[in-house]
Number of protein chains: 2
Amino acid sequence: MTSTSSTAAAGDHSNPSNQGNPSEVLATFAANLAFEGIPHEVIERTVNLYVDWVGSALAGKGARPVESIAKFARATGPSDGPAEVLIDGSRTSPFFAAMVNGAASHFVEQDDVHNGSVFHPAAVVFPVALALAQQLGASGREMITAAVAGYEVGIRIGEFLGRSHYKVFHTTGTAGTVAAAATAGRLLKLSPAAMLDAFGSAGTQAAGLWEFLRDAADSKQLHTAMAAANGLMAAQLAADGFKGAKRILEGAKGMAAGMSTDADPAKLVDRLGERWATVETSFKYHAACRHTHPAADALLDVVVKNKLKPQEIERVVAHVHQGAIDVLGAVVKPQTVHQAKFNMGTVLAIVSHYGYAGVNEFEQHFLADPVVAFRGKVEMVYDEEVDGAYPARWIGKVSVYLTDGRVLRGRVDEPKGDPGNTLSRDEISTKLRQLVKFSGALAEADVDALLEAAWCIVDEPRLGDIVGQLATARHANPAAAAA
Amino acid sequence: MTSTSSTAAAGDHSNPSNQGNPSEVLATFAANLAFEGIPHEVIERTVNLYVDWVGSALAGKGARPVESIAKFARATGPSDGPAEVLIDGSRTSPFFAAMVNGAASHFVEQDDVHNGSVFHPAAVVFPVALALAQQLGASGREMITAAVAGYEVGIRIGEFLGRSHYKVFHTTGTAGTVAAAATAGRLLKLSPAAMLDAFGSAGTQAAGLWEFLRDAADSKQLHTAMAAANGLMAAQLAADGFKGAKRILEGAKGMAAGMSTDADPAKLVDRLGERWATVETSFKYHAACRHTHPAADALLDVVVKNKLKPQEIERVVAHVHQGAIDVLGAVVKPQTVHQAKFNMGTVLAIVSHYGYAGVNEFEQHFLADPVVAFRGKVEMVYDEEVDGAYPARWIGKVSVYLTDGRVLRGRVDEPKGDPGNTLSRDEISTKLRQLVKFSGALAEADVDALLEAAWCIVDEPRLGDIVGQLATARHANPAAAAA
């Protein structure tokens with residue numbers, strides 16, 4: 001009626017029989033990760049991911065659900081503090097800065113994604129890394145190291161929880177809570193044992209259900225906000241000696257036991273320190289659910305190569321993986337911009353009309369007559385090859401039936417933004433500028449200073465304000481702003 | 001690839017096809033619940049549950065995990081506010097008061113429990129009811145009405161999620177988040193549509209895994225703390241227009257879909273307004289996991305009736321339901337007071353030696369030699385009758401094998417504290433006094449004033465301090481303190 005291992009594990013962090021549990025191995029890796037041990041190209045890519053995230057976080061300004069969470073934070077938290085809320089430059093405690101920045105990061109659906117885990121790391125990792133680094137006065141290297149810890153941990157947990165988990169749970173909310181704890185724990189310099197405590201407290205708070213999607217509800221912002229905030233809290237509690245379960249991931253009553261039917265514990269510790277999952281992360285080019293991107297790029301390829309006009313297209317079949325049908329199938333007639341980003345028909349319509357499905361294209365055209373008309377011509381069909389490759393590879397395949405009777409086939413093996421087809425630093429800067437312009441979070445001149453500082457983050461000896469004092473700083477001390 | 005209902009439900013609260021969903025019916029009930037519509041005996045019992053809760057919340061003072069969460073709240077939240085932290089009388093925003101009082105309420109395992117749902121309502125409902133009532137200056141009647149809403153909702157959700165849920169999830173953390181939202185939503189006078197939004201935001205944050213138990217980790221305090229705080233947050237967000245899923249409980253990607261295999265939606269709306277589940281709630285007499293109480297009372301009955309000394313007992317077989325084995329089976333050799341409360345052997349040992357397993361008995365004797373020796377004589381065995389009756393009834397059955405060869409059978413059909421064997425107001429007052437004495441939260445004279453005010457809660461026109469100004473209030477205005 002009890003497993004023998006349960007006695008062995010009780011109450012002793014140093015118990016040798018406990019070593020080698022996947023949760024502990026992963027926590028130890030996160031606790032011991034050092035800047036010097038991370039390959040140069042991983043650091044470089046993580047800086048790209050950081051700058052890309054800043055753009056997404058600023059893009060959330062003015063969005064109703066984001067502002068609602070910001071209002072709650074102002075009413076509930078302190079009126080000042082060491083950490084910065086990016087959408088308005090206000091200051092508060094790290095918990096609330098992480099919460100609001102987490103809420104903001106995912107709103108326009110332009111933040112990064114790791115294909116294999118279907119997890120959006122930036123939205124839950126960087127809000128915590130920045131808030132805590134600002135509180136601690138940590139260096140840019142420490143912040144980037146902590147972010148890599150969060151990415152490596154969160155991605156592996158997402159892969160571990162598997163496809164059955166993602167069918168009902170928003171992995172960014174669940175795995176994201178532990179990723180946030182790993183990030184915070186690394187900045188707090190937690191011991192491996194305390195990091196495991198942080199995992200335990202984070203994992204037992206991990207939550208996020210897809211049910212909100214069909215109602216166009218605001219839960220996605222809540223998921224990233226609370227994953228970031230609760231993960232940070234878990235690490236802060238662990239630093240104070242608050243104990244967590246030692247096998248929250250793979251244990252008999254842990255996350256996988258409760259929320260997955262196909263979990264594979266081997267994925268938690270897959271080539272730690274050799275395989276850098278961080279660099280497998282994709283940037284999002286289109287401002288839509290990632291499940292639409294492969295088909296969008298495949299269609300775009302056909303349209304560009306054949307110089308097609310939208311009215312020449314009679315119908316489009318998108319050949320997709322089951323996950324795309326599960327997530328996108330709930331939305332048939334989008335009523336909001338957010339729903340439109342989860343509607344394959346709308347995304348392909350916008351791509352065929354405007355060549356790009358960006359934030360401005362959605363905002364202005366998602367209910368335009370030609371887009372609505374084209375939407376009805378799009379059908380998703382399950383495809384064995386695409387599904388078999390997923391989630392490791394997100395293949396895009398479309399069949400385009402033209403009014404003249406021709407049928408054209410489109411295919412991309414790596415949608416734009418994927419590791420083999422990644423964005424350049426110029427493209428990331430341009431994307432950030434577009435996002436900031438969209439939300440109006442900063443003046444254009446401030447964006448220059450912001451970008452200059454952001455690209456040099458690893459040279460920053462002590463993290464300070466990112467946006468709060470931008471204009472002031474530029475005038476008072478141009479050198480400091482550019483450092 | 002999509003259900004027809006998904007289109008019908010999208011984005012419209014007033015859509016007629018949406019009426020009658022269990023989530024919506026339950027939210028509407030909670031939003032519309034009025035003091036005048038609640039039977040007198042339900043109000044009276046809820047006052048008993050409130051006073052019983054105050055004792056449990058005060059008993060948490062000084063407990064490491066509780067103080068750790070309190071420390072986090074001080075570092076993260078505002079340094080003043082309208083709501084009171086009971087363990088130290090400090091003031092903060094309602095979110096953090098609910099968090100710390102929620103953490104404190106469950107620590108000594110003396111707070112109430114609803115048998116059928118295996119849910120501890122007080123620990124997540126009253127922290128929210130009190131914090132928000134203090135902020136709003138609500139009356140005692142409004143607070144008690146909101147608490148009844150939380151009990152009725154949380155109990156039905158616990159029953160709905162069923163036994164498969166409780167095997168891995170701590171129902172008080174999961175169902176408790178929605179119960180907390182119902183309580184907060186009622187005090188905030190949310191419309192039925194906004195209450196449904198609050199349910200959506202709460203349900204998608206619902207969390208709490210049993211994995212911590214075998215490690216004697218501190219997660220239980222985190223579960224009640226965050227269920228209370230997140231439920232409160234969900235309702236406050238809903239009051240601001242933040243949208244939640246409309247079928248977070250029974251929907252295809254909702255709580256039951258993700259966290260239960262035997263959910264029964266009919267239980268969500270079972271005789272709403274006719275059956276008052278609140279009065280089915282049991283008070284906890286022994287300071288141990290409720291799963292030990294039936295056997296403890298059955299053994300106590302045998303011991304008292306036969307005037308047995310512990311050394312006359314050779315071994316004890318506790319005939320239990322599967323849930324008891326699932327929850328208690330993980331702890332074989334308790335190392336902490338908390339684990340001891342989840343160890344059937346220790347509980348029966350303490351009962352047989354001291355006639356009562358209270359907070360002081362555990363603290364002083366759980367590792368005493370006679371208790372440890374007796375612990376090894378206790379065995380749990382699955383019993384078909386007990387399991388069949390559970391969770392509606394918690395039957396206690398023991399076989400007591402004596403050193404003289406006799407075998408005595410003990411049985412109780414309702415353990416002390418259950419609805420048919422409930423505690424009197426005197427017994428509740430005495431229990432509160434013992435708990436406050438245990439933690440040292442208040443001086444004895446202050447407890448008199450506290451109890452006097454607490455028993456008259458429904459006559460309170462405007463909720464103010466409960467403990468913060470006790471001594472001052474008694475000296476400055478004795479009538480006010482006693483009101």
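The values are calculated or read from the model by the stated rules, or taken from the named source; none is laboratory data. For clarity, every value in this text was computed on a predicted model and none was experimentally measured. Quick reminder, even Gly has a Cβ in these numbers, built from the backbone with ideal geometry, and neighbours come from all protein chains shown.
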Quiz item: Can you name every residue in the stretch A:39-98 that is of a type in the set (Val, Ile, Thr), within 14 Å of chain B (Cβ to nearest Cβ) and touching a residue at least 40 places away in the same chain (Cβ under 8 Å)?
Solution: A:VAL66, A:ILE69
Exercise. Go through (1) in a helix (DSSP H, G or I); (2) farther than 24 Å from B:PHE107 by Cα and name the single condition B:ARG315 misses.
Key: (1)
Self-check item: Within the stretch B:185-198, tally of residues that are away from chain A (no Cβ under 12 Å) and either touching a residue at least 60 places away in the same chain (Cβ under 8 Å) or more than 19 Å from B:THR278 (Cβ to Cβ) (or both)
Solution: 9
Quiz prompt | Residue among A:ALA277, A:ALA295 that alone is more than 13 Å from chain B (Cβ to nearest Cβ) and in contact with a strand residue (DSSP E or B) (Cβ under 6 Å, 6 or more places away or on another chain) | solution = A:ALA295
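Can B:SER201 be described as within 12 Å of chain A (Cβ to nearest Cβ), touching a Gly at 6+ places or on another chain (Cβ under 8 Å), at pLDDT 95 or above and within 19 Å of B:ALA27 (Cβ to Cβ)?
Details: within 12 Å of chain A (Cβ to nearest Cβ): yes; touching a Gly at 6+ places or on another chain (Cβ under 8 Å): yes; at pLDDT 95 or above: yes; within 19 Å of B:ALA27 (Cβ to Cβ): yes.
Judged against the criteria, B:SER201 is a match.
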Exercise. Would you be able to say whether some residue in the stretch B:407-420 is over 18 Å from B:HIS286 (Cβ atoms) and among the aliphatic types (A, V, I, L, M)?
Key: yes
Quiz item: Within the stretch B:157-173, can one find any residue that is out of contact with any Lys or Arg (no Cβ under 6 Å at 6 or more places or on another chain), farther than 30 Å from A:GLU250 by Cβ, buried (at least 24 other Cβ atoms within 10 Å of the Cβ) and among the hydrophobic types (A, V, I, L, M, F, W, C)?
Solution: no
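Taking the stretch B:260-271 as the search range and keeping residues that are in contact with a Lys or Arg (Cβ under 8 Å, 6 or more places away or on another chain) and part of a loop (DSSP other than H, G, I, E, B), which one is surrounded by the fewest Cβ atoms within 10 Å (Cβ to Cβ)?
Kept after step one, since they are in contact with a Lys or Arg (Cβ under 8 Å, 6 or more places away or on another chain), are these residues of the stretch B:260-271: B:262, B:267-270.
Within this subset, residues satisfying the condition of being part of a loop (DSSP other than H, G, I, E, B) are B:262, B:270.
Numbers: B:ASP262: 11, B:ASP270: 17.
Out of the qualifying residues, it is B:ASP262.
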Self-check item: Yes/no for A:GLY323 being surrounded by fewer than 17 Cβ atoms within 10 Å (Cβ to Cβ) and small (Gly, Ala, Ser)
Solution: no
Quiz item: Among the residues of the stretch A:99-130, how many are in contact with a Phe, Trp or Tyr (Cβ under 6 Å, 6 or more places away or on another chain) and either of a type in the set (S, T, N, Q) or within 14 Å of chain B (Cβ to nearest Cβ) (or both)?
Solution: 1
Practice problem: Kindly indicate whether any position in the stretch B:357-371 is of a type in the set (Phe, Trp, Tyr), assigned to a helix (DSSP H, G or I) and modelled with pLDDT of 95 or more. | Solution: no
Quiz item: Only one of (1) within 13 Å of chain B (Cβ to nearest Cβ); (2) touching a helix residue (DSSP H, G or I) at 6+ places or on another chain (Cβ under 9 Å); (3) modelled with pLDDT under 95 is not met by A:GLN335, so which one is it?
Solution: (2)
Practice problem: Search the stretch B:214-259 for residues being facing chain A (nearest Cβ under 7 Å), closer than 30 Å to B:GLN135 by Cβ and among the basic types (Lys, Arg), and hand back the single one that is surrounded by the fewest Cβ atoms within 10 Å (Cβ to Cβ). | Solution: B:LYS243
Quiz item: Name the residues in the stretch B:372-424 that are in contact with a strand residue (DSSP E or B) (Cβ under 7 Å, 6 or more places away or on another chain) and among the acidic types (Asp, Glu), would you?
Solution: B:GLU379, B:ASP383, B:ASP418
